[in-house]
Structure formats: C-alpha cells, structure tokens
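Here the structure comes first, spelled out in structure tokens, and everything after it is commentary.
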Protein chains: 4
Amino acid sequence: MSELFNDPHQLASACSDAMHANDDASKLLGIEIIESRPGHARLQLTVSRKMTNGHDICHGGFVFTLADSAFAHACNNTNRVTVASGCSIEFLAPGAIGDVLTATASERSRSGRTGVYDVDVTNQNNELIAVFRGKSYQIKGQLIDQPGEPT
Amino acid sequence: MSELFNDPHQLASACSDAMHANDDASKLLGIEIIESRPGHARLQLTVSRKMTNGHDICHGGFVFTLADSAFAHACNNTNRVTVASGCSIEFLAPGAIGDVLTATASERSRSGRTGVYDVDVTNQNNELIAVFRGKSYQIKGQLIDQPGEPT
Amino acid sequence: MSELFNDPHQLASACSDAMHANDDASKLLGIEIIESRPGHARLQLTVSRKMTNGHDICHGGFVFTLADSAFAHACNNTNRVTVASGCSIEFLAPGAIGDVLTATASERSRSGRTGVYDVDVTNQNNELIAVFRGKSYQIKGQLIDQPGEPT
Amino acid sequence: MSELFNDPHQLASACSDAMHANDDASKLLGIEIIESRPGHARLQLTVSRKMTNGHDICHGGFVFTLADSAFAHACNNTNRVTVASGCSIEFLAPGAIGDVLTATASERSRSGRTGVYDVDVTNQNNELIAVFRGKSYQIKGQLIDQPGEPT
C-alpha cells in the first residue's frame, strides 16, 4: 500500500513527514520542519512564554529538544529506525520570547549501527545560540515500508 | 521586605519555590519539586501522550528537560544566580506513557564561578533511564534578596 | 591451555593483567593498576616533568589517558572485548609535578553491547581533579580464552 | 625585551612557538605544529608502538591528547592564557601504528571568558578518526608580553 521511493530526497521528506505526524512532543512546542534531506535536517521553533524558565529565558531543555528533534530527523530520514544514545549541548546565548530558533543538523559520521551528528542552533539574527552533538544507534525496522533491506 | 533565612535548607526550599513559581516550562510538563537542599534537588514528571516522539516513547528532549531542571535547582538553591553552560546526557532506557520519572541532582564540584552536577533519571521501578552531567556558570545576583554577598 | 576462571574477581584480575601486559601507552606514562574487580577499576599515575604542557601543569590529555585506561579496565575485565565509543571529561583542578593521581572507574549501566562508566580522578590529598564519563561498545571476542560465550 | 606583534597571524605563530617550546607532553608524543592562525590550529602525530593500548591500536588517550593540544593552540594563540574546562571526544575509527593523525581545531564561539572549539582528527587517507569538542576558560595573563590589555 505504501508508496515506493526511488529518490533519496523524496524518501527523506516522506520519513520526516511520517515522524512528525506522530511526534506530539514537537507539536507541543510548535516545532516545524524547514528541510529534510538524507543525513541533514533543519527545524524551527518560536520561543513563547510557556517555554521560559525561572530566569525568564527559553528553558535550555527546549533548546535541546529542538536540536534533538533536528538530529532525529537527520538520522532517521534514510528510513532506518535510529535512536539517540547520547547527546551533549553547549549553551552560548539565551533565547528570548519571540526569538525564532533554527536547528540545522548534519551527519558527521555513520558506520555500522552508530553515527555522530552535529546541530547548530541559531536565532533570527543568525547568532549561534547553542551547539549540540548527538550519537545515534540504529535499531531494527523502517519508518516507511519499502522493499529490501534498510540501506 | 523579603524574609531573612539563616538555615541553608530553608533558603534552598525558598529558592526552589521562587524559581518554580516563575518557571512556565516546568509547569508545561507538570514537573514537580520533590526535594531541594543545598547543592541537591529531586524533581519528578509523569510521561503523558503529549511528551512522546515519533517513536512513541518520551521525547529525549523532555527527559533532558527534567534532568536540566533538577540541575538548575541544585545549582541555584544556595541563592546564587547560576546558569547552565553545557550539559551531556546518555539515554539508557526509554520512558513510556504513564512512567513516573525522577531526576536526582547532586553537586560534584563547585569552585569559583563554575560547577559540575550529576543527575540520574530513574523510573518508578528504580531503573536508570538516563545519566546527565551539567556544567554551571554563576552570574551576578541573588534569587531571593538577602543581606551580604551571595555565599 | 589457558587457565579456567570460576571466580569473577580472579577473572577480572587476569583480564587486567593481560591488557596491561600489552599496553605500551600505559607503560609510557607509568600507569599502575591498583585494583580491578568486575565493572570497577582503580589506576594510578605520578605526574612527571615529561607530562607537563605549555602552562607547566599536567597535560589534560594525560589526565584523560589515565581515566580512559581505568574505564578500559572496568569495561573489559568481565572478559568481553569492549572499546570506547566516546568520552567526556571535566577538568576541575590542575595536576602538578609529583602529584599522585588516582582514577576510579565504576560501571553505571551495561545493557546489550553498550555501557556507561564514570571515572573520578583525585590527587594524593583526595581532591577531585577531574570527572570523566565513558561510553563503551562491546565487539567480538574474549581477552582470555574461556569456554562458553562471553558473559 | 619581547618583540611587538602588530599582525595577528604572526602573534598566533609566536604564541604557538612559545607554548610548544615549553610543552614536554607534546614532545613526548612527537606532536608537530602544522599551522596556527588566530582561533585555528592544525597539529600532527605519527602513531608509534609506544602509543598502542591493550587492543593494539593507538590509545584513545593519545588521540585525545593530540586533539586537546590542537584545541589549546587555537584558544591560546590570540595571546590570552586560556585553559580547558572540559572536553568530549567521539571515537569513529582506530589509529594503527604508522598512521599520521592530523587534528584541525576551529573556534566555534568565544564570548567573555569562555569559548567552544571543534577539532576533527583525520588520518593520512583523510578518514575521520575522531571528533572532539573543547570548552575553554580564559584566565589572567598573556603568553607573550605585549603592551595593553589582552585582546
């Protein structure tokens, strides 16, 4: 029943759409997918009042969540179900209410079941807000039913 | 006008209450403070549908947010305004809908303006879900107006 | 031909001895094994002139090497060949020439092929010099030939 | 007595030379400086027998040491004395005896007293061996006596 994808870019988009449709967490924060191509993804979030912490800036956990979601799209959009084994984030500047944060994820390495992805988070002035590094682990399965082994 | 605290444990509780009152992010996720004493804090969250990701488990970003909040309480509850400079998290087991996650933060080191805090996240069966390490940086100011220098 | 070990503590010691015998890197720095029991290890190094960096303190790389070696013993001494996939270290205080540094590694989690180990590095005054966290990945093979599957 | 540098590139080279002259640790491993310009540095090491661990590959601690040294040059070569507060490394492929490893460090962020630097370690076939991220903390002082405040 499911569509057959020959183009890796179309497959990447379809994987991201399938993930996003099922991702209540990203919806809760209003995270949007700007771009998804094999091993890369760009996601966006606008900081609102409900995302601020006790210091009145965007809770670091939500900056992380945005970056982690971009990482998830970048490592799943080749249609191999992949989870995060660990992540690190460095906070460089705060996010204020109304700021539009963009997380850009890129694959640095993928070999066997494991991978490393870097994510930069910038604001609407192109200032670097945070740098994130995610370690991925591929488990069994496909996001979208396709013939043959996951590649 | 503000109360004078001689007991560091009472001050820690008051700092955590002040942070929590202003923390919309933690309220969004229903994070509760279980314990706050100088350099330590224990916070709890119940995983709900809205926190799940495209793989139908608790979004790693929210496990991180819980841990990061526990870290924030542990490093701010001596009444010195302190922010996260960076954090790392290792995901050991998934969180399912209905799971009660507890984050326990402990100060490992604090010297000058910087500190290191470890946070363990466990579920209701006392299984380790994630380990988190936060690096803190003290900025100017007090959470609660007290006489003298921040100590 | 190789000895059969029924006691996991004896096996841990034998694994550490086998690793150490073949570890030129640790010998170069004069690293000594103080203790090795299943999932735990304690190693020691005395800081000498040749280990100092341009700031005249022990090169962070050698503090890391000590911690990484303790991690390696802790994750290999159950006789399953295991390598580091990634590590992080926070430097808390410098090491001076003549300081005796002790790295104590403990297993925090091990499940499937992956594990997490924490290592504390202290000096002769029991001051915390660094905290280290290692992520391990089990590959094929045994350190010491034993009957049955690696356990 | 000391030379006055008007060109930041000449100052970067002079800072690296001053650091290297005093760096016994890098000499122990035969680490060489290939390039040093403001906020960037490239260092090289050839893996020898003495650098191998119990698995007969280059000890991760020495891959780390190379990356950490490149990081140190990149964050000190603007003549502000700067130390590492923490580092993380992901190991992607092993280094064998005879491999020539190159660590390339780049400043990602520097603001106030803190900075973030990324280091890639590649081998002679341009394969990525490890990715490293260092967090720096500027302390008092200059590497080379120059008039005015450290800039």
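Read-outs throughout are calculated quantities, based only on the coordinates presented, and are distinct from any laboratory measurement. All of these numbers come straight from a predicted model, not from anything done at the bench. When we count neighbours, we look across all protein chains shown, and the Cβ atoms used for this are built from the backbone with ideal geometry, even at glycine.
Relative to the longest principal axis of the C-alpha atoms of chain D, give the angle of the C-alpha long axis of helix D:8-21, reported between 0 and 90° and rounded to the nearest 10°.
So the inclination is approximately 60 degrees.
Rounded, prolate or oblate for the protein assembly as shown? Axes are the square roots of the Cα gyration tensor eigenvalues, ordered a ≥ b ≥ c, and the cut-off for rounded is a/c under 1.5.
rounded
What number, in percent, do you get for the relative contact order of chain C if the mean sequence gap of Cα pairs under 8 Å and at least 6 apart is divided by its residue count?
So the answer I get is 25 percent.
About its Cα centre, how strong a charge dipole does the stretch C:29-115 have in debye, to the nearest 20, once Lys and Arg get +1 and Asp and Glu get -1 at the Cβ?
Value, rounded to 20: 340 debye.
Take chain C, connect every pair of alpha-carbon atoms lying under 10 Å apart with a spring to form a Gaussian network, then pick out the residue of C:S85, C:S106, C:S16 with the largest mean-square fluctuation.
The residue that fluctuates most here is C:S85.
Where Lys and Arg each count +1 and Asp and Glu each count -1, what net charge lies around A:G61 among other residues with Cβ under 11 Å from its Cβ?
Overall, the nearby charge balance is -3.
Using only the Cα atoms of chain D, build the gyration tensor, take square roots of its eigenvalues as a ≥ b ≥ c, and label the shape rounded, prolate or oblate: rounded if a/c is under 1.5, else prolate if a/b is larger than b/c, else oblate.
Note, shape of chain D comes out prolate.
List, in order, the whole-Hz ³J(HN,Hα) value for each residue of the stretch D:117-123 obtained from phi through the Karplus relation with A = 6.51, B = -1.76, C = 1.60 and θ = phi - 60°; use x for Gly and Pro.
10, 9, 10, 9, 10, 10, 9
Among the lysines, which fall within straight-line cross-link reach of A:K50, defined as a Cα-Cα distance under 16 Å, with same-chain neighbours fewer than 8 residues apart omitted?
Partners within reach: A:K27, B:K27, B:K50.
For D:K135, which lysines qualify as cross-link partners when the Cα separation must be under 23 Å and same-chain residues fewer than eight apart are set aside?
Reachable lysines: A:K135, B:K135, B:K140, C:K135.
Across the residues of C:72-78, average count of Cβ atoms on other protein chains within 10 Å?
Shielding by partners across C:72-78 averages 1.
Note the distances from B:P147 to each other copy's matching label point, with points 7 Å along the Cα-to-beta-carbon direction, in nm, sorted shortest first.
Shortest to longest, the spacings are 5.0, 7.8, 8.3 nm.
What are the label-to-label distances in nm, one decimal and shortest first, from B:R113 to the same spot in the other copies, with labels 7 Å along Cα to Cβ?
0.5, 4.3, 4.4
Between D:R37, D:R110, D:R49, which gets the highest mean-square fluctuation from a Gaussian network model of chain D, Cα cutoff 10 Å?
Among D:R37, D:R110, D:R49, the largest mean-square fluctuation in the Gaussian network model of chain D belongs to D:R49.
Just name one of C:A93, C:Q138, C:C75: the one whose Cα is farthest towards the positive end of the charge dipole of the stretch C:75-151 (beta-carbon charges, Lys/Arg +1, Asp/Glu -1).
C:Q138
With a ≥ b ≥ c the root eigenvalues of the C-alpha gyration tensor of the stretch B:1-59, is it rounded (a/c under 1.5), prolate (a/b larger than b/c) or oblate?
prolate
For the stretch D:87-97, take each phi angle, set θ = phi - 60°, evaluate the Karplus expression 6.51 cos²θ - 1.76 cosθ + 1.60, and give the result in whole Hz per residue in order, putting x for glycine and proline.
Per residue, the Karplus-derived 3J(HN,Hα) values read 8, 9, 9, 10, 8, 9, 7, x, x, 9, 4 Hz.
Would you tell me the mean number of C-beta atoms belonging to other protein chains that fall within 10 Å of each C-beta in D:92-103, as a whole number?
Per residue, the number of nearby Cβ atoms from other chains is 1 on average.
Once the label point is set 7 Å along the Cα-to-beta-carbon vector, what list of distances in nm do you get between C:A96 and its counterparts in the other copies?
4.5, 4.6, 5.6
Could you tell me the calculated FRET efficiency between B:I139 and C:L128, based on Cβ-Cβ distance and R0 = 25 angstrom, to the nearest 0.05?
0.60
Please give the helix A:60-76 orientation as an angle from the longest Cα principal axis of chain A, in degrees from 0 to 90, rounded to the nearest 10.
Once rounded, one gets 20 degrees.
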